[in-house]
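See below for the structure under consideration.
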Amino acid sequence: MLEFLICSLFTILPDYLFRRFRQGKRFGKEITVFSVWFELRYGITTCLLLTVMVITTVFYFHPTTSNVILAFRTVTILPQTGGRVAEIFVEMDEVVEAGAPIFRMEDDTQRAAVEAARAGLAQVEASLAVAEQDRRAAEGAVAQATGQRDEVQDELDTKSELLARNSNVVSEREIETLTNNLAAAQGALGTAQAQLDAVTTRITTLIPAQQRAAEAQLAEAEVQLARTIIRAGVTGRIEQFSLREGDFVSNLLRPAGILVPSDAGRVRAQAGFPQLAASVIKPGMVAEMSCATKPFTIIPMVVVAVQDVIAGGQIRPGDQLADVQNAGAPGTILVSLEPLYSNGLDGVPPGSRCVANAYTTTHEALQGDVGLLRAIGLHAVEATGAVHAAILRIHTILFPVEALVISGH
């Protein structure tokens, strides 16, 4: 309609002014719809064709969409296990930093588990001290058995030498007795050494393993105790938080509230452009956006990413074959927009619905060696972006009037 009105300014309006004030013809008498059409039939037809061409060029090379949203994701405040609330540290609408405590659950069981784990660790450490005493006793037993064996060995060697000299002082019976005593002493030494090895193994292997297990059990108990304090995972604002002491919360049935991250929806916007614009929209294109939450404001944007798949074609495997004709809406091209200037989205709440235009630029193409007709066409394509920019600004100005006065919202 705007394009047709602009074209009319150069065709129908000058003809009416000439006939009315120059020729003195009267509206409804000499000037009628038929007379205007008869006199300007070629011009009006040309104007209509040019209007169609302009509209097609504008909306193809400079696509627009009203499906723009500053999407964001909230963080649900949930405990890892169910339980009753013992203490609350925050209030609704309060801004919390990442890691700040939100509320504490009853922790009697977890504290008892921590104390039991600490007692188990202390018991293992005490067993290590006892094992050290046992090792010193085993070392003493080994030394005593070694001395007894050496004493029997010396006596046996002495009497064996005397018997070899044909002395009547030593009998063969004494040699046999000493030999048996030596074997018994050797056995006692082996037993003492085995006891020492067992104590050493217990100190170097068994007790350290028990100590590590006790430390792991203590760490697990402390982790379970720490989980009773629910903390903020990110910096944000607490919403829908009506928790009271004594309430029961669960990670499956009853969440405690919602945490809205501070940077949620304030970095980029997501726009769904028609599929016809798939070959036009590219990363780096300049765009403009207007939001109802920030009236009378045009926000310069830039295209930073274009999703290479269309969500409307997504299917899920099932027990029936998918029929294409039963698919839903065709779907749109998902485009991510970021503000061209820093703090460009200030004052635009996350979740706002907006309208956006993307503008095709032919500056780089014009830098090359192009023909005259192509250069004129490229200039025309870029120049028609001003028409779409004007439409967006008219929409931005009229939207509050339409919403507040006409619609009555």
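The values are calculated or read from the model by the stated rules, or taken from the named source; none is laboratory data. Since the model is a prediction, treat every value here as computed from it, not as a measurement. Ideal geometry is used to build each Cβ from the backbone, glycine not excepted, and the neighbour counts take in all protein chains shown. In case anyone asks, the SASA skips ligands and DNA or RNA and just uses the protein heavy atoms, side chains included. Shrake-Rupley method; radii C 1.70, N 1.55, O 1.52, S 1.80 Å.
Calculated [222 nm] ellipticity per residue, helices only, for the chain: -15500 deg cm²/dmol; basis is -39500 (n - 2.57) per DSSP H run with n ≥ 4, divided by all residues, nearest 500. Put +1 on the Cβ of each Lys and Arg and -1 on the Cβ of each Asp and Glu in the chain; which of LEU196, VAL303, TYR60 then has its Cα farthest toward the positive end of the dipole? Going by the Cα projections, it comes out as TYR60.
The calculated Kirkwood hydrodynamic radius for segment 362-409 is 13.2 Å, given to one decimal from all distinct C-alpha pairs.
For segment 59-216, the Cβ-based charge dipole about the Cα centre amounts to some 440 debye (Lys, Arg positive; Asp, Glu negative; other atoms uncharged). Charge dipole (Cα centre; +1 on Lys/Arg Cβ, -1 on Asp/Glu Cβ; no other charges) of segment 291-409 amounts to roughly 320 debye. Of interest is the spacing of the C-alpha centroids, which for segment 343-401 and segment 185-214 amounts to 84 Å. Plainly put, segment 313-409 has a radius of gyration that is 1.13 times its Kirkwood radius, both from alpha-carbon atoms, as the Rg/Rh ratio. Value of Rg to Rh for segment 79-128, rounded to two decimals, is 1.22; Kirkwood radius and Rg both from alpha-carbon coordinates. Residues in segment 76-184 average 63 Å² of solvent-accessible surface per residue, probe 1.4 Å, ligands and nucleic acids excluded. Take every pair of alpha-carbon atoms less than 8 Å apart whose residues are at least six positions apart; their mean separation over the length of segment 39-163 yields a relative contact order of 14 percent. Note on the chain: dipole from Cβ charges, positive end direction compared against GLY43, GLY368, ALA117; the farthest Cα belongs to GLY43. Of LEU321, LEU372, LEU121, the residue with the greatest mean-square motion in the GNM of the chain, using alpha carbon springs below 10 Å, is LEU321.
The shape of segment 160-280 can be summarised by an equivalent ellipsoid whose semi-axes, obtained from the alpha carbon gyration tensor, come to 87, 23, 10 Å from longest to shortest.
Between GLN186 and GLU245, the distance separating the two model label sites (each 7 Å from Cα on the Cα→Cβ line) works out to 7.8 nm.
When only alpha carbons are used to place a centre, segment 278-342 and segment 118-147 end up 73 Å from one another. Over segment 272-354, what portion of Cα pair distances is larger than 14 Å, expressed as a whole percent? Here the tail beyond 14 Å accounts for 70 percent of pairs. Element breakdown for the chain at a 1.4 angstrom probe: carbon and sulfur atoms account for 58% of the accessible area. Of the residues LEU128, ASN180, VAL90, the one whose Cα sits farthest towards the positive end of the charge dipole of the chain is VAL90 (charges of +1 on Lys and Arg Cβ, -1 on Asp and Glu Cβ, taken about the Cα centre). Each 10 Å bin, from zero up to the one with the longest distance, holds this percent of the alpha carbon pairs of the chain: 4, 12, 12, 13, 12, 9, 8, 7, 6, 5, 4, 3, 2, 1, 1, 1, 0, 0.
Applying the Kirkwood pairwise sum to the alpha-carbon positions of segment 241-317 produces a hydrodynamic radius of 17.2 angstrom. When +1 charges are put on Lys and Arg Cβ atoms and -1 charges on Asp and Glu Cβ atoms, the dipole computed for segment 31-116 relative to its Cα centre reaches about 820 debye.
The mean accessible area for residues of segment 221-296, using a 1.4 Å probe and ignoring ligands and nucleic acids, is 53 Å² per residue. Of the two radii for segment 85-174, the radius of gyration is 1.71 times the Kirkwood radius, both from the alpha carbons; that is the Rg over Rh value. In summary, segment 327-384 shows an alpha-carbon radius of gyration equal to 1.71 times the 2.2 N^0.38 Å reference for compact globular proteins. Measuring how big segment 192-347 is from its alpha-carbon positions, Rg and Dmax come out at 29.1, 96 Å. Among complete DSSP H helices in the chain, those whose alpha-carbon atoms stretch at least 27 Å along the helix's long axis and whose mean Kyte-Doolittle hydropathy reaches 0.5 are 33-61.
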